[in-house]
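A.B. asks: Structure below; questions to follow.
The values are calculated or read from the model by the stated rules, or taken from the named source; none is laboratory data. This structure is a prediction, so every number in the text was calculated from the model and none was measured. Neighbour counts are summed over all protein chains in view; Cβ atoms, including those assigned to glycine, are modelled from backbone coordinates with ideal geometry. Side chains are part of the model used for accessible areas, which takes the heavy atoms of the whole protein and leaves out ligands, DNA and RNA. Shrake-Rupley method; radii C 1.70, N 1.55, O 1.52, S 1.80 Å.
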Amino acid sequence: MNNNPFDLSGKVALVTGAGGGIGSAIAMTLANAGADMAVADSNAANAERTAFDVKATGRRAVALTVDVREPDSVTAIEEATRKQLGEIDILVNCAGIAFNKPSEELSPEEWLQVIDINLNGVFWCCQAIGRRMLARNSGSIVNIASMSGVIANKPQPQSHYNTSKAGVIMLTQSLAAEWADRGVRVNAVSPGYIGTEMTKLGMNTPEWKKTWLEMTPMARVGEPVEIANAVWYLASDAASFATGSNLIVDGGYTAW
């Protein structure tokens, strides 16, 4: 009998946005913990690269291309995962985009693009995979939100992004409440500034970098694996009594 609640051996996990950055770190962390991985991304080559790395750990992996804005595309990756790896035990919604623009200059297309991917996409994935989990009375979903869902970032303008992530946090709480008595846990991890391509522009802008680091008590950006480890906890049986939680991992940014 295995008494390690962090052990994911025998589990199947699906991670969206797993082609790079935080998503790929999550895929590798869960694989190293024993899970077989469905690696989904809008970029097929990036998904293949992460799947290759997962296979090097000795775990099974399948690379899938997905547009999380499209429910049919989400249904397709659920079916492909089930066919090739088995029923999904863990879902991590990490697909997301960000860019900075003053609110008064946002076009309708730009607003909707961010909401469609960052919020609607999370719902479509939770719905499609959640239905199967509910039928089995078992499953763990972790949504990647952001500290931007609880604060307005400074100095960059990004009302569209902040709003999308606040929506993810409330969606997480709502689904957790609906599904708690049916065996499915739903939690969120809210990263602060993490050293990925998404934050590179800001870190290369002296004013932004100075502000970001001064407002972070730890005075540094985080590493993708530091978010992945938080996801691992919530995905695992170690978090068996956690649902509806929003675990903020931000170096203390929101403490001030």
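A.B. asks: So, in region 89-130, exactly how many residues are more than 30 Å from Ser240 (Cβ to Cβ), assigned to a helix (DSSP H, G or I) and hydrophobic (A, V, I, L, M, F, W, C)?
C.D. replies: Qualifying residue count, region 89-130: 5.
A.B. asks: Output the residues belonging to region 148-159 that are buried (at least 20 other Cβ atoms within 10 Å of the Cβ) and in contact with a Lys or Arg (Cβ under 8 Å, 6 or more places away or on another chain).
C.D. replies: Scanning region 148-159 gives Ser148, Gly149, Gln158.
A.B. asks: Also: Starting from region 81-100, take each residue that is on the phi < 0 side of the Ramachandran plot and list its partners that are assigned to a strand (DSSP E or B) and of a type in the set (Ser, Thr, Tyr), counting only C-beta distances under 6 angstrom and pairs at least six apart or across chains.
C.D. replies: Ile90/Ser140; Asn93/Thr16; Cys94/Thr16; Ala95/Thr16
A.B. asks: Let me ask something additional. So, restricting to helices (runs of 4 or more DSSP H) that lie completely within region 166-256, which ones have at least 2 residues that are closer than 27 Å to Asn2 by Cβ and in contact with a strand residue (DSSP E or B) (Cβ under 6 Å, 6 or more places away or on another chain)?
C.D. replies: Counting at least 2 such residues, we get 224-235.
A.B. asks: Further question on the same structure: Scan region 226-244 for residues that are open to solvent by less than 70 Å² (accessible area, probe 1.4 Å) and either among the aliphatic types (A, V, I, L, M) or touching a Leu at 6+ places or on another chain (Cβ under 7 Å) (or both) and jot them down.
C.D. replies: Listed by number, the residues that qualify are Ile227, Ala228, Ala230, Val231, Leu234, Ala235, Ser236, Ala238, Ala239, Ala242.
A.B. asks: Could you tell me which of the residues Gly34, Gly19 is in contact with a Leu (Cβ under 6 Å, 6 or more places away or on another chain), assigned to a loop (DSSP other than H, G, I, E, B) and crowded, with 18+ Cβ neighbours inside 10 Å?
C.D. replies: Gly34
A.B. asks: Consider Thr196 against the criteria (1) at pLDDT below 95; (2) over 19 Å from the mean Cα position of the chain (by Cα); (3) open to solvent by 10 Å² or more (accessible area, probe 1.4 Å): it satisfies all of them except one. Which criterion is unmet?
C.D. replies: Here Thr196 meets the rest and fails (2).
A.B. asks: Could you list all residues from region 131-147 that are surrounded by 21 or more Cβ atoms within 10 Å (Cβ to Cβ) and more than 15 Å from the chain's Cα centre (by Cα)?
C.D. replies: Of everything in region 131-147, those that are surrounded by 21 or more Cβ atoms within 10 Å (Cβ to Cβ) and more than 15 Å from the chain's Cα centre (by Cα) turn out to be Met133, Gly139.
A.B. asks: Right, here's the next one. In this structure, is Val68 in contact (Cβ under 8 Å) with a residue 40 or more places away in the chain and crowded, with 20+ Cβ neighbours inside 10 Å? So that I can check it myself, show each step before the final result.
C.D. replies: Details: in contact (Cβ under 8 Å) with a residue 40 or more places away in the chain: yes; crowded, with 20+ Cβ neighbours inside 10 Å: yes.
When the stated conditions are applied, Val68 passes them.
A.B. asks: Evaluate the following for Ala45: is it assigned to a strand (DSSP E or B) and not charged (D, E, K, R)?
C.D. replies: When the stated conditions are applied, Ala45 does not pass them.
A.B. asks: So, one more: Give me the residue from region 50-65 that is among the β-branched types (Val, Ile, Thr) and part of a strand (DSSP E or B) and, out of that set, surrounded by the fewest Cβ atoms within 10 Å (Cβ to Cβ).
C.D. replies: Within region 50-65, the subset among the β-branched types (Val, Ile, Thr) is 50, 54, 57, 62, 65.
Those still in the list that are part of a strand (DSSP E or B) too: 62, 65.
Working: Val62: 21, Thr65: 18.
Only one residue tops the list, namely Thr65.
A.B. asks: Of the residues that make up region 40-49, is at least one of a type in the set (Lys, Arg), open to solvent by 50 Å² or more (accessible area, probe 1.4 Å) and over 19 Å from Val225 (Cβ atoms)?
C.D. replies: no
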